[in-house]
Amino acid sequence: MTEHLRLENTSRLYAEAQELIPGGMNGIRRPYNFVPGEYPVFFDKARGGKVWDVDGNEYLDFLCAYGPIIIGHREKEIDKAVIEQIKEKGFCMSLVQEVQNTLAKKLKELIPSCEMCTFVKTGSDATTLATRVARGFTEKAKIIRCGYHGWHDWCVEVKGGVPPKLYEDVLEFHYNDLQGAEDLFNKHKGEIACVIVTPIGHPLAHEVEMPKPGFLEGLKKLCEANGAVLVFDEIRSGFRVSIGGAQKEFGVTPHLSVFGKAMANGYEISALVGRKDIMQMLEKKVFVSSTFFPNSLAQVAALKTIEILQRDNVLETIKERGNKFAGKVEKIVRKCGIPAKLTGSPWMPFITFDRDPQEHYKKIRPAFYTQLIRRGIFLQPFHHGYIAYRHSTKDLNHTAEMIAESLEEAKKAVHSSL
Ligand SMILES: Cc1ncc(COP(=O)(O)O)c(C=O)c1O
């Protein structure tokens, strides 16, 4: 049994934060989303594929800031481009800078659905804007959704503080359930503005799902037959699954799509892209504006990130390493004798434990992730991980070994407690 981590500084800062900030920090970073008492709460620094907490513990970082880190932390070339922009030009002005056009041209060149684009800051900005544009274009109100699309009123999962009228036109279906989507179209004939769906299914704490043959194509057909807009939420899959997004990988071009997270390797930017006639709603009919949306630093970071992704075959390398890692981990999981699965490979690996009626999985899960964090592997028990370019083959082989050891230890710990 490995030892409990030293977490004195984390504990002190967390106690202080709880007096200053409700919950100590924003939602998903809170300790209950990890294994409370076992995981750090504060990081100090990061570099490449690693992070260090405020007690000096070092981890291989497979959460990658929940997706933005695609190359690695503190990439010198990207930071240098950003610093040059700060020093030589500035980034916060009353008009836009030329880099806006350069980035837009790049997205148009790379993303199949991109005839025009616009830049915002967060994934939630982009998904909300997509639904507003679709509603403006179709002059219909209802939205069919599938997946996590952020914290705004129309889609937030925790409904406190949100009047029902703000989401009552939003209907849900399950990923890969084409019939479910068709039933909603039939029930609400002529009322659907758009379907918004993540091209890869990644529901919280559940296995990651790849699209069944015909699912994404079927959604597009349904939308086109019913005068609705198909929106791909590529906030997680964009600039990770392929340089043109999951839409390129799976060969289905939506009418609109949104990108964020990995687009600028950690700098805050997102984009709505799509068909010209739909995007042109933003010229007169549909409003979007925010003080910081046109700032150029993240645009510079995005351009440099994309340049590196293309130049160094980053995504192909991640895919290849991710597949090899998956091959190893799948064998380990099969051999361990615990009902568990690895899904999401090669891009978003996630080890989940099968839900049994006795709910043993609720004990095995924290036991396993406790063992992993004690061995310096940073993953989140309820969320898939991500592989970054700076995770070397050696890092991934080591992680596979740590997974094997942690599964064995978790098995022993849980069996002795039953
Ligand atoms: C698929 C998807 N869409 C939208 C969002 C919201 O993005 P943000 O947290 O940047 O607002 C997320 C965030 O995790 C996401 O995973």
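Filtering Leu107, Leu103, Leu95, Leu129 for residues that are aliphatic (A, V, I, L, M) and under 30 Å from Phe325 (Cβ atoms) leaves a single hit, Leu107. No other residue among Ile235, Ile196, Ile192 is farther than 28 Å from Cys64 by Cβ, of a type outside the set (Lys, Arg) and at pLDDT 95 or above apart from Ile192.
Against the definition (touching a Lys or Arg at 6+ places or on another chain (Cβ under 9 Å), in a helix (DSSP H, G or I) and surrounded by 14 or more Cβ atoms within 10 Å (Cβ to Cβ)), how does Leu184 come out, yes or no?
yes
Evaluating Arg74 against the criteria (1) crowded, with 16+ Cβ neighbours inside 10 Å; (2) touching a strand residue (DSSP E or B) at 6+ places or on another chain (Cβ under 7 Å); (3) basic (Lys, Arg) leaves one unmet condition, (1).
Just to verify a result, which residue in the stretch 31-43, among those that are without any contact (Cβ under 8 Å) to a residue 24 or more places away in the chain and surrounded by 15 or more Cβ atoms within 10 Å (Cβ to Cβ), is nearest to Val54 (Cα to Cα)? This residue is Phe43. In the stretch 166-180, the residue that is farthest from the ligand (Cβ to nearest atom) out of those that are more than 23 Å from Gly27 (Cα to Cα) and in a loop (DSSP other than H, G, I, E, B) is Glu168. For the stretch 1-59, a residue qualifies if it is of a type in the set (A, V, I, L, M), in a helix (DSSP H, G or I) and touching a helix residue (DSSP H, G or I) at 6+ places or on another chain (Cβ under 6 Å), and exactly one does: Ala17.
Within the bounds of the stretch 180-187, is there any residue that is of a type outside the set (D, E, K, R) and touching a residue at least 60 places away in the same chain (Cβ under 8 Å)?
no
If you go through the stretch 367-393 and keep only what is under 16 Å from Ala413 (Cα atoms) and small (Gly, Ala, Ser), you end up with just Ala367.
Residue check: Ser289 meets all listed conditions (1) without any contact (Cβ under 8 Å) to a residue 60 or more places away in the chain; (2) farther than 17 Å from Asp125 by Cβ but one, namely (2).
Counting only strands (runs of 3 or more DSSP E) that fall entirely inside the stretch 207-313 and contain at least 2 residues that are more than 25 Å from Ser94 (Cβ to Cβ) and either hydroxyl-bearing (Ser, Thr, Tyr) or in contact with a helix residue (DSSP H, G or I) (Cβ under 7 Å, 6 or more places away or on another chain) (or both), the qualifying elements are 229-233, 256-259.
One residue stands out in the stretch 383-418 among those that are surrounded by fewer than 16 Cβ atoms within 10 Å (Cβ to Cβ) and assigned to a loop (DSSP other than H, G, I, E, B): the one that is modelled with the lowest pLDDT, namely Leu418. For Ile71, are the conditions met, namely being away from the ligand (no atom under 16 Å from the Cβ) and in a helix (DSSP H, G or I)? No. Each residue in the stretch 106-141 was checked for being surrounded by 13 or more Cβ atoms within 10 Å (Cβ to Cβ) and in a helix (DSSP H, G or I), and 20 of them qualify.
Restricted to the stretch 224-237, and to residues there that are without any contact (Cβ under 8 Å) to a residue 60 or more places away in the chain and buried (at least 24 other Cβ atoms within 10 Å of the Cβ), the residue that is nearest to the ligand (Cβ to nearest atom) is Glu234. Of all residues in the stretch 151-165, none satisfies being surrounded by 17 or more Cβ atoms within 10 Å (Cβ to Cβ) and more than 16 Å from the ligand (Cβ to nearest atom). Annotation note: Cβ proximity below 6 Å between a residue of the stretch 48-74 that is closer than 23 Å to Gly27 by Cβ and a residue that is in a loop (DSSP other than H, G, I, E, B) and of a type in the set (Ser, Thr, Tyr) (sequence gap 6+ or interchain) occurs for Cys64/Tyr386; Gly67/Tyr386. Scoring Ile144 on the criteria (1) within 24 Å of Ile28 (Cβ to Cβ); (2) within 16 Å of the ligand (Cβ to nearest atom) leaves a single failure, condition (1). For the residues Ala228, Ala246, Ala181, the requirement of being within 19 Å of the chain's Cα centre (by Cα) and farther than 18 Å from Ser124 by Cα singles out Ala246.
The values are calculated or read from the model by the stated rules, or taken from the named source; none is laboratory data. As the structure is a prediction and not an experimental result, all values here were calculated from the model. Note that we place each Cβ from the backbone using ideal geometry, even for glycine, and neighbour counts take in every protein chain shown.
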